[in-house]
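Below: one structure, written as structure tokens.
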Amino acid sequence: MNTNPINPEEALDEATRVRLSQLRSMPIDMSKLKDAIRTQIPQREVLESRRQRWWLGPRGAIAASIGLVGLLIVLVIASSAGPVYASADQLASLHQATVRSAMPMGSMSTACDWLASQLPDTPEMPNILLDKVPACCVGHIGRKPLGCMVMDVDNTSVTLAIARAGEFKTNPDGSIERDGVHYGIQSSGGVQIVTFARDGRWHALIGVLPAERLVEFARTLKV
Amino acid sequence: MKGRPLDSDAATDRFYRTIWPHAALLLRTALLLCHHQTEAEDVSQETLLKAFKSIDQLHEGDDARPWLLTILRHVRIDRIRSAAAKHTAVSLDGADMDPADDESPVVSDVEAWSDPNAMLQQFSNTQMIDGLKALPEEIRWTLLLVDVEGIDQQDAAAVLGVPVGTVKSRSSRGRAMLRKALLPLAQELRMVR
């Protein structure tokens, strides 16, 4: 795709296209549609419970062993596909877009449910104790989606973006090590970015706060 | 290649694996086409149920999005026609088919938008959606597919049942029409000259 329009008409067209593409991460309430479909189409959980009964037999144990080997192969292949590079500018833009368009949620559990419905392959948000309700949206870097949550830290909006460990890579300017976890530090236009991998997740904490404060906040995030 | 119809468990499993992940796309598209949340939810629900019933027509490995959007488009058109026949209250605003391919030249608005990226970012999502909803249905469909959802122009042409060239011209014309719809607000906010 041409990202460098060559004349003002094309630049205007491209700016309009880009702004429209941002509507893709607009939060929407899926709850009624989800309920209606789950009522009319037998739920996946029902099928899974039937399968779980089958797993209890000896044939299930053999199939599980084969499945485990298959899963390991898939994981090796998936990891070799390579992570997406997320630059400091992209993460700062993600923060600005998230703060602008995230939808307020009634509680942390509502926020987690909503993100799980939007991004079933993305890990759950860590457990966070917040004084104020969070807001959520689905962000993108390249074509890869991330679960994004805006929260209030020291009266400042901070974005927490989540993906599976290994899905994104960054090029930090420095790092801080705490409790055996390495926190990558970088910034863009006054926005500080702290990235780290823990508990099978890739995290980015982004906001206009000192990097050390973001690291301290990162340490409070529980599985 | 249609293959044998799937049994119920296999169809359900496949539905939740290949179709359900696109439910948000369908609801978002329906919300941007319809004028009421309930109507959009009904259209999305009908689309998903139809997709479930004919899931064996979707080839394994194919991108499900154009297939689902084609079903959604047929559901929407059927509802518009049905409502027109019954004179019910389903919204028909902008459903006219089709001033979209009006060949009158688009007046350049480059001068009004001195810094288009920054200026367009100042509009909220709600304002952008209101602008979209002011456009004729076929133009809106084109922008929703190509710009909002990033569907390939070839696939968008298949969904809309028009040549690729028509998709290209409607995209360009639609963006200009959207900016024109946003212009009064931009002037009110003193963003444009």
Please go through the stretch B:109-127 and give me each residue that is within 9 Å of A:Leu12 (Cβ to Cβ) and either assigned to a loop (DSSP other than H, G, I, E, B) or more than 8 Å from every other protein chain (Cβ to nearest Cβ) (or both), ordered by number. B:Asp109, B:Val110, B:Trp113
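Does the stretch B:150-163 hold any residues that are within 14 Å of another protein chain (Cβ to nearest Cβ) and open to solvent by less than 10 Å² (accessible area, probe 1.4 Å), and which are they?
B:Ile151, B:Ala156
Answer yes or no: is there a residue in the stretch B:172-180 that is closer than 17 Å to B:Pro66 by Cβ, touching a helix residue (DSSP H, G or I) at 6+ places or on another chain (Cβ under 8 Å), within 12 Å of chain A (Cβ to nearest Cβ) and modelled with pLDDT of 90 or more. Give the derivation first.
Within the stretch B:172-180, the first condition is being closer than 17 Å to B:Pro66 by Cβ, and the residues that meet it are none.
No, because not a single residue in the stretch B:172-180 is closer than 17 Å to B:Pro66 by Cβ, touching a helix residue (DSSP H, G or I) at 6+ places or on another chain (Cβ under 8 Å), within 12 Å of chain A (Cβ to nearest Cβ) and modelled with pLDDT of 90 or more.
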Of the conditions (1) open to solvent by 60 Å² or more (accessible area, probe 1.4 Å); (2) modelled with pLDDT under 70, A:Ser93 satisfies every one except a single condition; which number is it? (2)
When you scan the stretch B:16-36, do you find a residue that is modelled with pLDDT of 90 or more, basic (Lys, Arg), assigned to a helix (DSSP H, G or I) and within 21 Å of A:Ser25 (Cα to Cα), even just one? yes
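Answer yes or no as to whether B:Ile139 is surrounded by 19 or more Cβ atoms within 10 Å (Cβ to Cβ), within 14 Å of another protein chain (Cβ to nearest Cβ) and either in a helix (DSSP H, G or I) or among the basic types (Lys, Arg) (or both).
Details: surrounded by 19 or more Cβ atoms within 10 Å (Cβ to Cβ): yes; within 14 Å of another protein chain (Cβ to nearest Cβ): yes; either in a helix (DSSP H, G or I) or among the basic types (Lys, Arg) (or both): yes.
Yes: the conditions hold for B:Ile139.
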Can you confirm whether B:Leu189 is buried (at least 18 other Cβ atoms within 10 Å of the Cβ) and either over 18 Å from B:Asp63 (Cβ atoms) or of a type in the set (Phe, Trp, Tyr) (or both)? no
Filter result for the condition that a residue is modelled with pLDDT of 90 or more and surrounded by fewer than 15 Cβ atoms within 10 Å (Cβ to Cβ), over B:Asp93, B:Asp115, B:Asp130, B:Asp102: B:Asp130
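Answer yes or no as to whether B:Thr166 is farther than 15 Å from B:Ala30 by Cα, among the β-branched types (Val, Ile, Thr) and either under 17 Å from the mean Cα position of the chain (by Cα) or open to solvent by 20 Å² or more (accessible area, probe 1.4 Å) (or both).
Working: farther than 15 Å from B:Ala30 by Cα: yes; among the β-branched types (Val, Ile, Thr): yes; either under 17 Å from the mean Cα position of the chain (by Cα) or open to solvent by 20 Å² or more (accessible area, probe 1.4 Å) (or both): yes.
Taking the combined requirement at face value, the residue satisfies it.
Where residues in the stretch A:177-223 are of a type in the set (D, E, K, R) and assigned to a strand (DSSP E or B), which of them is least open to solvent (accessible area, probe 1.4 Å)?
So the first thing to find is which residues in the stretch A:177-223 are of a type in the set (D, E, K, R), and the list is A:177-179, A:198-199, A:201, A:212-213, A:216, A:219, A:222.
Imposing the further condition that a residue be assigned to a strand (DSSP E or B) reduces the set to A:177-178, A:198, A:201, A:222.
Working: A:Glu177: 97, A:Arg178: 76, A:Arg198: 44, A:Arg201: 17, A:Lys222: 125 Å².
That would be A:Arg201.
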Any hit, the stretch A:144-156, residues being open to solvent by 60 Å² or more (accessible area, probe 1.4 Å), within 23 Å of A:Arg219 (Cα to Cα), part of a loop (DSSP other than H, G, I, E, B) and at pLDDT below 75: no
Being under 17 Å from B:Ile151 (Cα atoms), open to solvent by 30 Å² or more (accessible area, probe 1.4 Å) and modelled with pLDDT under 90 is true for just one of A:Arg24, A:Arg38. Which residue is that? A:Arg24
In the stretch B:12-51, anything open to solvent by 10 Å² or more (accessible area, probe 1.4 Å), at the interface with chain A (Cβ under 7 Å from one of its Cβ atoms) and not polar (S, T, N, Q) is listed as B:Asp13, B:Pro21, B:Ala24, B:Arg28, B:Leu31, B:Glu41, B:Leu49
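The values are calculated or read from the model by the stated rules, or taken from the named source; none is laboratory data. On a predicted model such as this, the values are computed, not experimentally measured, just so you know. No Cβ is skipped: glycine too gets one built from the backbone with ideal geometry, and neighbour counts run over all protein chains shown. Just so you know, the surface numbers come from the protein's heavy atoms only, side chains and all, with ligands and any DNA or RNA stripped out. Shrake-Rupley method; radii C 1.70, N 1.55, O 1.52, S 1.80 Å.
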